[in-house]
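Asks: Sharing a structure below in structure tokens format, with a few things to ask.
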Amino acid sequence: MILIVDSGATKADWIALSESGEKLFFTQTLGLSPEVLTEEIIVERITNNYELYKSRKEVTKLYFYGAGCGTQRMRTFLGEIFQPFFENAEIAIKEDTYAAVYATIGSGAKSVVCILGTGSNCCMWDGEKLIQKVESLGYILMDDCSGNYFGRQLLRDFYFNKFPEDLAQKFNATFELDADVIKNHLYKLPNPNTYLATFAKFLIENKDEPYCQELIAKGMQLFIDNFIKQFEEAPQIPVHFVGSIAFYLQEELKTMLQKNGLSAGNILRKPIDGLVEYHLQHTI
């Protein structure tokens, strides 16, 4: 059995294939980012999944693409957790930018490929290898234009009384905004980045409001300036995206790219289907 996994910060999609490429099952767990989770939490999340636990000894290959897997230390950490669980498996762990590349363009032409979901990232595929000019420092310092970036900005603006009055009332009615509740999620509970990203839904649902339009444009311009424009070739090649923020705000994204002399390519909400297709063509 072959397992192919796309793990963002919020959730992980798992697809099991037979050695001949037949789809056996699809399942989900919560996200498994090694940068923000302990070994105990990761073990609990995979152990509590019935399909994974039942099939763990049948897995011969595991292709795992995950947020937070950009350094060798994090890949080793995760591999040492997976190996005893999938004891008969050959395990390959790569960061989620590879999943974005394989899903949007396979192993095709030179492109810039971006992730805009709970977190954010950007790379260039030169036709043979993946190139990154910015090493992510995680959700606190980076992740421009991501779900957690927008959540952080919304909470700050609400508490600094920068919301329009009608939107402030709506925001207050939608979420539990007690300061103790917010601080408990941010500083005591697992996945603070995922918690922040839950507020981004409000931005998407109210994206036609002038305040929201301004916030969206600001976040997108930051991402373009800090990530995409690092690549001098970007104006001459397509810019592809995966992730819920890119997908649900794709019209705004296309407008901002055009304003910056950039061309939008494929925009996918989730890379898992394209990732499976890539492996069917190249590794199975």
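Asks: Return a yes/no flag: does segment 84-95 have any residue that is at pLDDT 95 or above, closer than 30 Å to Lys229 by Cα, surrounded by 22 or more Cβ atoms within 10 Å (Cβ to Cβ) and under 14 Å from the mean Cα position of the chain (by Cα).
Replies: no
Asks: Write out, first by first residue and then by second, each pair whose Cβ atoms fall under 6 Å of each other, whose residues are 6+ apart or on separate chains, and whose first residue, in segment 190-215, is surrounded by 17 or more Cβ atoms within 10 Å (Cβ to Cβ) while the second is among the small types (Gly, Ala, Ser).
Replies: Asn193/Ala9; Thr194/Ala9; Leu196/Gly151; Ala197/Gly147; Ala197/Gly151; Phe199/Gly151; Ala200/Gly147; Ala200/Gly151
Asks: Related question: From the list Thr118, Thr71, which residue is of a type in the set (S, T, N, Q), crowded, with 24+ Cβ neighbours inside 10 Å and modelled with pLDDT under 95?
Replies: Selected residue: Thr118, the only one of Thr118, Thr71 that is of a type in the set (S, T, N, Q), crowded, with 24+ Cβ neighbours inside 10 Å and modelled with pLDDT under 95.
Asks: Where in segment 120-214 are the helices (runs of 4 or more DSSP H), entirely inside, with at least 3 residues that are closer than 22 Å to Lys254 by Cα and touching a Phe, Trp or Tyr at 6+ places or on another chain (Cβ under 6 Å)?
Replies: Details: elements: 147-159, 165-174, 179-187, 192-197, 200-205.
Filter on segment 120-214 gives 200-205.
Asks: Continuing with this model, one more query. Consider segment 86-119. How many of its residues are within 10 Å of Phe241 (Cβ to Cβ) and among the polar types (S, T, N, Q)?
Replies: Here is the first cut: in segment 86-119, the ones within 10 Å of Phe241 (Cβ to Cβ) are 100, 104, 112-117.
Pick out the ones that are also among the polar types (S, T, N, Q) and you get 104.
Within segment 86-119, residues that are within 10 Å of Phe241 (Cβ to Cβ) and among the polar types (S, T, N, Q) number 1.
Asks: Related question: Tally up the residues in segment 269-278 that are under 16 Å from the mean Cα position of the chain (by Cα), buried (at least 20 other Cβ atoms within 10 Å of the Cβ) and either of a type in the set (A, V, I, L, M) or in a helix (DSSP H, G or I) (or both), please. Don't jump to the end; show me each part of the working.
Replies: Applying the first criterion (under 16 Å from the mean Cα position of the chain (by Cα)) to segment 269-278 yields 269-275.
Checking which are buried (at least 20 other Cβ atoms within 10 Å of the Cβ) leaves us with 271-272, 274-275.
Pick out the ones that are also either of a type in the set (A, V, I, L, M) or in a helix (DSSP H, G or I) (or both) and you get 272, 274-275.
Matching residues across segment 269-278 total 3.
Asks: Here are some conditions: (1) buried (at least 18 other Cβ atoms within 10 Å of the Cβ); (2) among the charged types (D, E, K, R); (3) free of Cβ contacts under 8 Å to residues at least 60 places away in the same chain. Glu58 meets all but one. Which one does it not meet?
Replies: It is condition (1) that Glu58 fails.
Asks: Here is a follow-up. Can you give me the number of residues within segment 12-44 that are surrounded by 17 or more Cβ atoms within 10 Å (Cβ to Cβ) and within 30 Å of Ile140 (Cβ to Cβ)? Before the answer, list the steps.
Replies: Keep residues of segment 12-44 that are surrounded by 17 or more Cβ atoms within 10 Å (Cβ to Cβ), which gives 12-17, 29-37, 42.
Among the residues that remain, those that are also within 30 Å of Ile140 (Cβ to Cβ) are: 12-14, 29-37, 42.
Going through segment 12-44 one residue at a time, the tally reaches 13.
Asks: Can you tell which of Glu205, Glu233, Glu176, Glu214 is more than 21 Å from Tyr159 (Cβ to Cβ) and among the acidic types (Asp, Glu)?
Replies: Selected residue: Glu233, the only one of Glu205, Glu233, Glu176, Glu214 that is more than 21 Å from Tyr159 (Cβ to Cβ) and among the acidic types (Asp, Glu).
Asks: Something else about it: Under the condition of being among the hydroxyl-bearing types (Ser, Thr, Tyr), without any contact (Cβ under 8 Å) to a residue 60 or more places away in the chain and under 16 Å from Cys145 (Cα atoms), which residue from segment 228-264 is surrounded by the most Cβ atoms within 10 Å (Cβ to Cβ)?
Replies: Tyr248
The values are calculated or read from the model by the stated rules, or taken from the named source; none is laboratory data. Keep in mind that this is a model prediction, so the values were computed, not measured. Neighbour counts run over all protein chains shown; Cβ positions are idealised from the backbone, glycine included.
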